[in-house]
């Protein structure tokens, strides 16, 4: 997740887990607390490696199967010219009901891109 809370909730994120009656991925962009999201089912039961990459105002949200060396699959691209240069960045977990889960994050990396390097 990359976010700023000034003046209101503004963020982008990619998550894996339950999406209704199935498991899969969700990306979301929220501007002034109003959200637009995309969901996609996964045959792997919701387990995935996730990547959020920012180049200028553009956020690319991608995934690939856990422990694979396959290419990243782009799920969503969000142009967020309203987001400041400095953001809060980190892991995200949430539920739309009473929490009944345990989350595990492995190999969390937050790294700057080299100048001119694509996501």
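Tabulated results
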{"quantity": "Gap separating the Cα centres of region 1-67 and region 70-117, nearest whole Å", "calculated": "7 Å"}
{"quantity": "Value of relative contact order over the chain, rounded to a whole percent, pairs C-alpha under 8 Å and six or more apart", "calculated": "21 percent"}
{"quantity": "Overall form of the chain per C-alpha gyration tensor (a/c, 1.5; a/b vs b/c)", "calculated": "oblate"}
{"quantity": "Cβ crowding within 10 Å averaged over residues, with 95-102, 72-79 ranked highest first", "calculated": "72-79, 95-102"}
{"quantity": "Gyration tensor verdict on region 74-119 (Cα atoms; rounded if a/c is under 1.5, prolate if a/b is larger than b/c, oblate otherwise)", "calculated": "prolate"}
{"quantity": "Ranked packing of 27-38, 52-63, most packed first, by mean Cβ within 10 Å", "calculated": "52-63, 27-38"}
{"quantity": "Packing-based order for 5-12, 107-114, using average beta carbon neighbours within 10 Å, highest first", "calculated": "5-12, 107-114"}
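No value in this document is a laboratory result; all are computed from the given coordinates. The model shown is predicted, which means the values in this text are computed figures rather than measured ones. Neighbour counts are summed over all protein chains in view; Cβ atoms, including those assigned to glycine, are modelled from backbone coordinates with ideal geometry.
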